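Asks: Below you'll find the structure I mean.
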Protein chains: 2
Amino acid sequence: MRRALTTYARRGLHGQTVEVIARRILAGEIAPGATLDITALQAELDVSLTALREALKVLAAKGIVDARQKRGTFVRPRADWNLLDGDVIRWQFAEGADPRLLDKLHEVRSIIEPAAVRLAASRATDDDLTALDGALDEMAAAKGHPTAAVAADLSFHRALLAATHNELLERMEVVMETGLAERDRLVHGGEPHDDPVPSHRAVVDAIRVRDATAAETAMRGLLEKAVRDVEKVRGKKGNR
Amino acid sequence: MRRALTTYARRGLHGQTVEVIARRILAGEIAPGATLDITALQAELDVSLTALREALKVLAAKGIVDARQKRGTFVRPRADWNLLDGDVIRWQFAEGADPRLLDKLHEVRSIIEPAAVRLAASRATDDDLTALDGALDEMAAAKGHPTAAVAADLSFHRALLAATHNELLERMEVVMETGLAERDRLVHGGEPHDDPVPSHRAVVDAIRVRDATAAETAMRGLLEKAVRDVEKVRGKKGNR
DNA sequence: TAATCATTAATTAGTAATACATCTTGACAG
DNA sequence: CTGTCAAGATGTATTACTAATTAATGATTA
C-alpha cells in the first residue's frame, strides 16, 4: 500500500542536489533559456562535478534542462517540461507556486475521473471492489485525523483508477495525487467536515451494480463538492 | 513548430547506453525485480562506470530502476514506471510491444480529446484558431504524402490541446503522439484514404463558433473513425 | 534460549584529475 | 556572398580511489 513519493532516488547527497536545483528552476529563480553556471553551482552546493552532472541528468530526463556542448547547460522552455511527472508537479508546489495550478489539476481530475468510473463500472473485478471497500473503511476510520483522511482519500482514488484496468489512466494518479493532497491541506482547518464516506460509497455501490451512469453522476457530485470546499476556503481567506 | 522527440539528451555515447538498457527492460528482457549486473553491462556496452551510472540516473528519474546501497541496482515494479513519459511510451513500442498498448493509448485519447474540445470551444483565442487552421492547411497539403500526413495530424491535435489553455492537458500530447503516429503507421498501406480535412474542419468550425457540444460530437466522430480504421487493418492482417 | 548490539562485507555514492570529442565561432579562400 | 577549415571552449568520458550505507553475520548479554 505504501508508495514512494518520488520516482528518482532521493537518497544521498546527490538527491538533495537535484531538489535544490529543481526548486530554483521551478520557482522561476533560474528562468527558461538561462544557462546554468556549473562551476558556481558546484562550489555553492559543495559537490563534485560528477555528482552535479548526475543531478542534472535527472533534470534532463524530465525535460527541464539540456546540455549542449560549447553552449552550456541551460533551462529548457517550460513547454518541454514533463509536467505529468510526479516530481515536477511536487516541485511546483514547493515554493512560489502558481495558485492556478491547483485549478488546472482539478480540471484534469474532473475530466479523468468521471470517465474512469464509467470504465470501472464495466471492468471492476472483485479484487477492485474489495480495494474500494477497503478505502471506504480507511476513510471511516480516519474521521478526525486529517493526515489519515488525506491518505484514505488518495487510496480511494487510486483504487478507482486501478479498477479501470488501463495502466495509463492508473498513472494519472500522480497528477491527481498532489492536487488532492494540496486541496486537503488547504481545506482542513475550516469547519469540521461532513462525513465523506456516504458520497464515496455511492460511487462504489454504482460500480458494484455496474451502473456506469449512476457512478459517473456520483463522481461528478464528489468533484463539485471539492470545488465548493476550495472556494469556501479561498473566499474566507480573501483570495480570489 | 519542430519539437524534440525525447526529453533527455540523446546525444553522445551515454544516450545510446540509456536507449539500450531501457529497451531491454521495457521489452521484458530484464524483468522487474531483477538486479542489474553493473560490471557485466559496463563490459558489454564498453562504457565507463561513470557513464553507465549517468545512464541509469536517467532511468531512475523515470521510475524504471532504483539503486540501493548494498542491494544493487534493480528494475522497479512496472507500477512505478512513469508511463506518462514520452520516452517510456516510445521505448515500449520499440520492440516486443504489447499490441493492447495502442488500445490503451486510444482509450486515454478518447477521454481527453472530447473534453479538450469542449474547453477549446470556450477558451480558444484567435491565435489558437489560426494554429488550428494552419494544421488543416498542412493536412490538405499533405495529401498523398504519408509522413507529412502524420505530421499534420499531430499538429492538429497539438493545436487542439494548446487551445484548452491547460498546460497539463497540453502535455497529454506525449501520450497521444506516439499512439497517433503508430496508428497512422499501421493504417497506411491500406486503401487510399478519404480526405481527412472535412472531418477535422468540422471540429475547428464548431470551436470557432464556440459550440462545445457540436465540437465534442465532431471529435467523437474522428475518434470512432480512428477505431474503425485500425479494426479494418487488423481484420485484414488476421490479427484479432 | 532469545534478544540485542557490534562487526563485516558488498555495493552504491561521491571525489578528483585528466583526456577526449564535438560544436560553435570566425577567419579565410573561392 | 558562400563554403571550408581551424581554433578553442565546453560538455563527455575515463580512471582510480575513498566514503557512506546497510544486509547479513556473529558475538555478547539478559
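The values are calculated or read from the model by the stated rules, or taken from the named source; none is laboratory data. This structure is a prediction, so every number in the text was calculated from the model and none was measured. Backbone-built Cβ (ideal geometry, glycine too); neighbour counts: all protein chains shown. All accessible areas refer to the heavy atoms of the entire protein, side chains included, with ligands and DNA or RNA removed. Shrake-Rupley method; radii C 1.70, N 1.55, O 1.52, S 1.80 Å.
Asks: For the pair A:ALA181/B:VAL20, report the inter-label distance in nm, with labels modelled 7 Å from Cα in the Cβ direction.
Replies: Between A:ALA181 and B:VAL20, the label points sit 3.7 nm apart.
Asks: Something else about it: Report, in order of residue number, the helices in chain B meeting two criteria: a C-alpha extent of 15 Å or more along the helix axis, and a mean Kyte-Doolittle hydropathy of at least 0.5; treat each whole DSSP H run as one helix.
Replies: B:49-61, B:146-162
Asks: Here is a further query. Convex hull over the alpha-carbon atoms of region B:21-158: what's its volume per residue in Å³?
Replies: Dividing the Cα hull volume of region B:21-158 by its residue count gives 170 Å³.
Asks: Considering the dipole of region A:98-237 built from charges on the beta carbon (Lys and Arg +1, Asp and Glu -1) around the Cα centre, which of A:ALA149, A:THR130, A:VAL227 is farthest to its positive end?
Replies: A:VAL227
Asks: Still on this structure, I have one more. Obtain the radius of gyration and the Kirkwood radius of the protein assembly as shown from its C-alpha atoms and give Rg over Rh.
Replies: 0.96
Asks: Shortest first and in nm to one decimal, what separations exist between A:GLY144 and its copies in the other chains, measuring from label points 7 Å along the Cα-to-beta-carbon line?
Replies: Spacings between copies for this position, smallest first, are 7.8 nm.
Asks: Counting Lys and Arg as +1 and Asp and Glu as -1, each charge on the Cβ, what is the dipole of region A:54-168 about the Cα centre in debye, to the nearest 20?
Replies: For region A:54-168, the charge dipole is close to 820 debye.
Asks: Based on the alpha-carbon gyration tensor of region A:12-80, what equivalent-ellipsoid semi-axes (square roots of 5 times the eigenvalues) come out, in whole Å, largest first?
Replies: For region A:12-80, the ellipsoid semi-axes come out as 17, 13, 11 Å.
Asks: May I ask you to derive the relative contact order of region A:98-237, considering only C-alpha pairs under 8 Å and at least 6 residues apart, and to give it as an integer percent?
Replies: 35 percent
Asks: Alpha carbon centre of region A:90-133 versus region B:40-75: separation in Å?
Replies: Cα centroid of region A:90-133 versus Cα centroid of region B:40-75: 32 Å apart.
Asks: Give me the one-decimal nm value for the distance between modelled label points at A:THR147 and A:ARG71, 7 Å along each residue's Cα-to-Cβ direction.
Replies: 4.7 nm
Asks: Going by accessible area, probe 1.4 Å, with all protein chains left in place, what is the ranking of A:SER48, A:SER155, largest first?
Replies: If we order A:SER48, A:SER155 from most to least accessible, we get A:SER48, A:SER155.
Asks: Here's another thing I want to ask about it. Leaving ligands and nucleic acids out of the surface, order B:THR125, A:THR7, B:THR217 by accessible area at 1.4 Å, largest first.
Replies: Most to least solvent-accessible, the answer reads B:THR217, B:THR125, A:THR7.
Asks: Just how large is the dipole of the protein assembly as shown about the Cα centre, in debye to the nearest 20, putting +1 at every Lys and Arg Cβ and -1 at every Asp and Glu Cβ?
Replies: 700 debye
Asks: Note the direction-averaged projected area, equal to a quarter of the hull surface, for the Cα convex hull of region B:98-237, in nm².
Replies: If I average the Cα hull's projected area over directions, I get 7.6 nm².
Asks: What total accessible surface area, summed over both chains, is buried at the interface between chains B and A, computed with a 1.4 Å probe and given in Å² to the nearest 100?
Replies: Counting both chains, the buried surface is close to 4200 Å².
Asks: Report the normalised scattering of chain A as log10 I(q)/I(0) at q = 0.12, 0.14 Å⁻¹, calculated by the Debye formula with identical scatterers on the alpha carbons.
Replies: -0.76, -0.95
Asks: Something else: Could you give the dipole magnitude of region A:98-237 about its Cα centre, charging the beta-carbon of Lys and Arg +1 and that of Asp and Glu -1, in debye to the nearest 20?
Replies: Its charge dipole is roughly 500 debye.
Asks: Let me ask you something else. Evaluate peptide A:82-90: per residue, the Cβ atoms of other protein chains within 10 Å of its Cβ; return the mean as an integer.
Replies: 5
Asks: Next up: If you take each beta carbon of peptide A:55-67 and count the beta carbons of other chains within 10 angstrom, what is the mean?
Replies: Neighbouring Cβ atoms belonging to other protein chains average 6 per residue here.
Asks: Please compute the contact order of chain A in relative form: average sequence separation of alpha-carbon pairs under 8 Å and at least six residues apart, divided by the residue count, as a percent.
Replies: For chain A, the relative contact order is 19 percent.
Asks: Then there is this: Among B:ILE111, B:LEU59, B:LEU180, whose Cα projects farthest towards the positive end of the dipole of chain B, with charges put on the beta-carbon of Lys, Arg (+1) and Asp, Glu (-1)?
Replies: Final value for the positive-end residue is B:LEU59.
Asks: A:PHE74 accessible area, nearest 10 Å², 1.4 Å probe?
Replies: About 40 Å², ignoring ligands and nucleic acids.
Asks: Just going by the charge dipole of the protein assembly as shown, with Lys and Arg at +1 and Asp and Glu at -1 on Cβ, which of A:ALA159, B:ALA140, A:LEU83 is farthest out on the positive end?
Replies: A:LEU83
Asks: Still on this structure: Pick out, in residue order, every one of the trypsin sites (Lys or Arg not before Pro) in region A:11-61 that is DSSP loop and has at most 14 other C-beta atoms within 10 Å; say none if there are none.
Replies: Those that pass, being in a loop and sparsely packed, are A:ARG11.
Asks: May I pose another question? Give B:LYS143/B:LYS232; A:LYS104/B:LYS225; A:LYS57/B:LYS104; B:LYS104/B:LYS225; A:LYS57/B:LYS62; A:LYS57/A:LYS104 a once-over and call out the pairs whose C-alpha atoms are over 23 Å from each other.
Replies: Violating the 23 Å limit, Cα to Cα: A:LYS104/B:LYS225; A:LYS57/B:LYS104; A:LYS57/A:LYS104.
Asks: While we're looking at this one, here's another question. Taking a label point 7 Å from Cα toward Cβ, how far is B:ALA212 from its twins in the other copies, in nm, shortest first?
Replies: 2.2
Asks: A follow-up question, please. Within a Cβ distance under 13 Å of B:ALA218, other residues only, what is the Lys/Arg minus Asp/Glu net charge?
Replies: 0
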